[in-house]
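The values are calculated or read from the model by the stated rules, or taken from the named source; none is laboratory data. This is a predicted model, so every value here is computed, not measured. Cβ: placed from backbone, ideal geometry, glycine included. Neighbour counts: every protein chain shown.
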Amino acid sequence: MQALNIKLNEIPVRFRSLGMLRVFIAPWLLMSMLSQAAPVFIGTRTGGDSQGIYQADFNPVTGKLTAPILAAEYRHPGFLVQHPTRPILYAIGQPKAAFPDGSSSVATFSIGKDGKLELLGELSAGGKGACHLAVDASGGTLAIANYGDGRISTIRLNDQGVAMDVVSVISNRGSGPRQPRQDGPHAHGVYFDKANRHLFVPDLGLDQILIYPFDAASSKLGAPLTALATALGAGPRHMAFSPDEKHAYVINELDNTVLAASHQAGAGKLTALGSVPTLPADFSAQNTTAEIEVHPNGKWVYASNRGHDSIIVYQRDATTGTLKFLQHAPCGGKIPRHFKIDPSGKWLLCAHQDSNTISVLALDPATGMLGKPIHTVPAPNPICVLFIGDRG
């Protein structure tokens, strides 16, 4: 049998007791190492072929994604997030039986060993048109952005992680210049800081990133702090912090830009640094942006164009927080509504809402550059990709 050179950090933990970098590996053991699959859940817009939440397995060695299978029936489970310590999945959606106030729902599911989901309960999301949610670091609170009426809500979780009570509901007023998209408040994302002291909310209708003090013990939001204003008509949609939380990056849906901001960690303060475009200068067709993510190593920032159908790659200056354009990479499908970098940092999974597919793009962590899609699977109306163990 031939000795194989394998890096220790590439060997699953249960095999590291061998205690050496050069080891003799039996064929069955090698196959086991090369077939380590990471479960992936997929949120969808139901209708047509979609029936709810789907599950697939991703191989971080080969980049292969299995064809998704139905994990649980549920209506419009668009965005998903996992509890930080429990095998619990949360989804925003539409309730099985309508609530009297017409609000959206948040559903709690237990995650089985086979990847199947069991519905543990559903609760009002505290507003209409829920589009995004996040769970705080303590695992005691869900925050929800309700796009339809612009409300921001927090929900208390019990000791088993089940959503129990709506604690805070905040309504805002105002509008923006781009009608009808900015006819009123449209909260589009919710993000807790690592200190678990503040909640950040990009509001597409108000051209602001709203900031609220957060009390983990009560799940309550306090009076708003000074918001970060974007350019008029920008339409902030989602945001992402750098790993060190020194900077935040906001994807603006309506004017196709990314806003960089400095972040005073623990203080709930954002200061604008400047914006960069997401589109090539010669592109004139219709486009809106969708998702943004910072690479785990903090060196690269990625964003998606819907229309140009590309993933933009920027180099991040860790000192100044500014961004430098590197690449427009074809995403492999139509309307890249959401994407996620896998935990290894070597692959990007892109969900294409209109072409009903998910593509896997190779990612070079050393250069930040994306390769061509190496693998594409059919998936009905995919709009969220979540790796298990990833809080969103």
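Of note:
- The residues in the range 284-340 that are among the aromatic types (Phe, Trp, Tyr), over 22 Å from Phe387 (Cα atoms) and either buried (at least 22 other Cβ atoms within 10 Å of the Cβ) or in contact with an Asp or Glu (Cβ under 8 Å, 6 or more places away or on another chain) (or both) can be counted, and the count is 1.
- Ala67 passes every criterion in (1) closer than 26 Å to Gln160 by Cβ; (2) assigned to a loop (DSSP other than H, G, I, E, B); (3) small (Gly, Ala, Ser) apart from (1).
- Number of positions in the range 106-117 that are under 21 Å from the mean Cα position of the chain (by Cα) and without any contact (Cβ under 8 Å) to a residue 60 or more places away in the chain: 5
- Breaking point among (1) more than 16 Å from Glu291 (Cβ to Cβ); (2) surrounded by 24 or more Cβ atoms within 10 Å (Cβ to Cβ); (3) of a type outside the set (Gly, Ala, Ser), for Ile388: (2)
- Qualifying residue in the range 260-278 (condition: polar (S, T, N, Q), under 19 Å from Arg337 (Cβ atoms) and touching a strand residue (DSSP E or B) at 6+ places or on another chain (Cβ under 8 Å)): yes
- All told, Gly235 meets the bar of being small (Gly, Ala, Ser), touching a Leu at 6+ places or on another chain (Cβ under 7 Å) and crowded, with 23+ Cβ neighbours inside 10 Å.
- Only residues that are of a type in the set (D, E, K, R) and more than 17 Å from Ser219 (Cα to Cα) were counted across the range 118-159, and they come to 4.
- Test: residue in the range 379-389 that is among the β-branched types (Val, Ile, Thr), outside any strand (DSSP E or B) and either in contact (Cβ under 8 Å) with a residue 24 or more places away in the chain or in contact with a strand residue (DSSP E or B) (Cβ under 9 Å, 6 or more places away or on another chain) (or both): yes
- Among the numbered conditions (1) surrounded by fewer than 17 Cβ atoms within 10 Å (Cβ to Cβ); (2) in contact (Cβ under 8 Å) with a residue 60 or more places away in the chain, the only one that Leu120 does not meet is (2).
- When we screen Gly148, Gly126, Gly78, Gly139 for residues that are modelled with pLDDT of 95 or more, farther than 18 Å from Met164 by Cα and either among the polar types (S, T, N, Q) or not in a strand (DSSP E or B) (or both), the only hit is Gly148.
- Pairs with Cβ under 8 Å, 6+ apart, first in the range 65-86 and farther than 13 Å from Arg45 by Cβ, second β-branched (Val, Ile, Thr) and not in a strand (DSSP E or B): Gln82/Ile388
- Of all residues making up the range 157-207, the number that are charged (D, E, K, R) and either surrounded by 20 or more Cβ atoms within 10 Å (Cβ to Cβ) or not in a loop (DSSP other than H, G, I, E, B) (or both): 4
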